[in-house]
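Below is one structure, written out as structure tokens, with a few remarks after it.
The values are calculated or read from the model by the stated rules, or taken from the named source; none is laboratory data. The structure presented is a predicted model; accordingly, all values stated were derived computationally and were not measured. Methodologically, a virtual Cβ is constructed for each residue, glycine included, from the backbone with ideal geometry; neighbour enumeration extends over all protein chains shown.
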Amino acid sequence: MVEILAPGFFLMISVGATLLFSSRALKSGELDCEDCKEFSARLRRKIQFIYLVGLVNGFFLFSMTGLGKWVGWVR
């Protein structure tokens with residue numbers, strides 16, 4: 001099951017990063033201006049939201065692990 005989901009997951013991460021940081025992607029040439037304008041606004045917001053929630057959760061996970069090691073909760 002994980003082998004089936006992994007390629008789609010990494011593709012979603014790539015698309016989410018490109019959409020969330022679209023100005024950087026436009027400057028580097030990863031994204032075309034016309035493609036950015038024609039992308040569905042509703043789908044774009046959903047992908048950006050999912051990607052942003054993942055980033056926040058990842059940051060929280062690493063910060064809590066560091067805090068746990070510092071305080072002594074994690075060995």
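Worth a mention:
- Restricted to helices (runs of 4 or more DSSP H) entirely inside the range 21-75, no element has at least 1 residues that are modelled with pLDDT of 90 or more and touching a strand residue (DSSP E or B) at 6+ places or on another chain (Cβ under 6 Å).
- Every residue from the range 25-56 that is of a type in the set (S, T, N, Q) and surrounded by 10 or more Cβ atoms within 10 Å (Cβ to Cβ): S28, Q48
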